[in-house]
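Where a number appears in this text, it was derived from the coordinates with a stated rule and is not lab data. Keep in mind it's a predicted model, so treat the numbers as computed, not measured. Every residue, glycine among them, receives a Cβ derived from its backbone with ideal geometry; neighbour counts consider all protein chains shown.
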Amino acid sequence: MSNGLFDDERERLERSERPERSERPGTPLAERMRPRTLDEVVGQDEILAPGKPLRETIERDLLQSIILWGPPGTGKTTLARIIADMTQ
């Protein structure tokens, strides 16, 4: 275990190097099927379609902060992971 101040950066880099779809055996199906890019996210075209303000902000790495609110299972964590992988 490391007590470095910037351990989160190391973890983010390790996540970005994860394999595309060849997960370890035993990885839950929900995790294996989780979208990994904005293009794979389904049902959010009104905010994430190409040319929409939120997508442009994410792609240009201009997003300062965001609050994701909604009931369980709506993709908040998935979107947060995608944003974390795409931005600094």
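Where does each of 55-61, 78-84, 44-50, 25-31 land if you order them by average Cβ count within 10 Å, highest first?
Working: 55-61: 13.7, 78-84: 16.4, 44-50: 12.1, 25-31: 7.7.
Taking the mean over residues of other Cβ atoms within 10 Å, the ranking is 78-84, 55-61, 44-50, 25-31.
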Review point. How many nm is it between the label spots at Gln64 and Ala30, if each spot is 7 Å from the Cα in line with the beta carbon?
Key: 3.4
**Study point:** Label-to-label distance, nm, for residues given as Lys76 and Thr57 (7 Å Cα→Cβ offset)
**Key:** 1.7
